[in-house]
Amino acid sequence: MSRKKTPKSKGGSAPATSALPATHGSQPVRPGTARPGPEAPPNRPPQPGRSSLGGGGDFYDVAFKVMLVGDSGVGKTCLLVRFKDGAFLAGTFISTVGIDFRNKVLDVDGMKVKLQIWDTAGQERFRSVTHAYYRDAHALLLLYDVTNKASFDSIQAWLTEIQEYAQHDVVLMLLGNKVDSAQERVVKREDGEKLAKEYGLPFMETSAKMGLNVDLAFMAIAKELKQRCMKAPSEPRFQLHDYIKREGRGASCCKP
């Protein structure tokens, strides 16, 4: 398998907010390609085999598109920045406008897996924009805020939307975020477990502030996607639920 060159991702300690991108003429991200995916920023990425901007860049073997979805304010951008940059966005910041993405390459069992992670706006007025991105997503991380009951109550509506617009075999994980705010918690872990079990979803509680289970969530997704893409007929199937249960710190996982 030839090695590819990934474009340099947007990084930094603060979330980049993007204007609504055009949705026409786009191409989906496919494993083993070097395209940045649908609705890429106007600056074209470096071509395979050439140096990325600034002379750096990471090589990868396969690439997958992951989306973060959920109500506004549940911590999607903070989770992404914690995973990408190892930083926490303290204080107030501007909510994501439309949709934005960042890249990160992980070493998964000796293979370089690039996750192109799309951070979506949770506001209702942007919902029609995010619908266009579902169909090309290989995985979805669905978040709610354990200190916000309304965000938890919205999960079933999000699942209905995902069922309508996403691929039927999309990898889906439910995350209860902001568990560091213990005194403000209004959604019990058991409630998240019950809902996840009802829909047969892997489930964890996370904290972007503390970094709790953030890397694990993305690594679990990367392992599942890599295994689906590269699995030999004789190779045992990767057990996503079992992996989360075994590796998680304070995590919960529900089997269907």
- Residue that is nearest to Gly70 (Cα to Cα) [pool: residues in segment 146-168 that are among the β-branched types (Val, Ile, Thr) and in contact with a Lys or Arg (Cβ under 9 Å, 6 or more places away or on another chain)]: Val146
- Task: Just give me the residues in segment 153-168 being surrounded by fewer than 21 Cβ atoms within 10 Å (Cβ to Cβ) and touching a residue at least 40 places away in the same chain (Cβ under 8 Å), in sequence order.
- Result: Ser154, Trp158, Leu159, Ile162
- Taking segment 131-156 only, how many residues are modelled with pLDDT of 95 or more, more than 15 Å from Val214 (Cα to Cα) and of a type outside the set (Ser, Thr, Tyr)? 11
- Message: Leu143 - would you say it is more than 16 Å from Gly70 (Cβ to Cβ) and surrounded by 20 or more Cβ atoms within 10 Å (Cβ to Cβ)?
- Response: no
- Could you list, in sequence order, all residues of segment 182-240 that are buried (at least 16 other Cβ atoms within 10 Å of the Cβ) and hydroxyl-bearing (Ser, Thr, Tyr)? Tyr199, Thr206, Ser207
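The values are calculated or read from the model by the stated rules, or taken from the named source; none is laboratory data. Worth saying up front: this structure is predicted, and the values here are computed from it rather than measured. FYI the Cβ positions are ideal-geometry reconstructions off the backbone, even for glycines, and counts take in every protein chain you see.
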